[in-house]
Amino acid sequence: MLWGILCVGMAIYLPFIDELHSTNNLINWHNVFYLALLELLFLPMGIISFLAPLTSKIIISAEGIEYHNLSAIVKAHWSDMDIRFHQDVTGEVISARVSNPEIFPRAWTRFAPWNVRKGVAYNTKHHGIPVSQFGGFTPKKLIENIRHYLPQHDI
């Protein structure tokens with residue numbers, strides 16, 4: 001979120017730098033070009049940094065785990081998941097790899113120059129659903145909810 005604030009702030013502030021520090025009224029097209037390039041870089045990164053935390057969530061139910069992120073919604077059934085619990089310096093960590101996820105790309109991704117469905121499928125199979133990043137300051141409740149449904153599915 002802080003990165004988003006910095007990027008959007010820079011995108012708003014950059015056009016005024018030249019006006020604040022210029023001693024003449026001539027337009028320096030070299031600076032205008034670099035300013036436009038920076039605008040094209042900072043503004044999208046800032047918007048994505050704002051939206052990513054707002055769209056990410058995880059839903060745990062009797063059917064499985066539903067993971068929402070910026071690019072897609074991933075539904076994974078308990079029988080298709082390899083879930084492991086292990087201890088880390090931060091506490092108990094959950095690793096949930098999915099062999100056969102249902103992937104529903106978001107509407108904006110049809111304009112993306114890459115195959116979102118293929119990328120999300122690869123990440124969920126090899127890296128897993130980032131379950132441990134959810135739960136906030138009370139990850140024990142998240143772990144209890146997952147363990148509540150696991151014995152029913154013999155995982």
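The values are calculated or read from the model by the stated rules, or taken from the named source; none is laboratory data. This is a predicted model, so every value here is computed, not measured. Don't worry about glycine lacking a Cβ; one is built from the backbone with ideal geometry, like all the others, and counts go over all protein chains shown.
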Single condition Trp78 does not satisfy, out of (1) farther than 19 Å from Pro139 by Cα; (2) surrounded by fewer than 18 Cβ atoms within 10 Å (Cβ to Cβ); (3) in the same structural domain as Pro130 (by TED's automatic domain parsing): (2)
Residue within segment 116-125 that is loosely packed, with under 13 Cβ neighbours inside 10 Å, assigned by TED's automatic domain parsing to the domain that holds Phe85 and at pLDDT below 85 present: no
Whichever residue in segment 100-110 is out of contact with any Ser or Thr (no Cβ under 9 Å at 6 or more places or on another chain) and exposed (fewer than 12 other Cβ atoms within 10 Å of the Cβ) and, among such residues, is farthest from Val131 (Cα to Cα): Arg110
Pair list, Cβ under 9 Å, 6 or more apart: segment 45-61 residue over 30 Å from Ser79 (Cα atoms), other residue of a type outside the set (Gly, Ala, Ser) and exposed (fewer than 12 other Cβ atoms within 10 Å of the Cβ): Ser49/Met1; Ser49/Leu2; Phe50/Met1
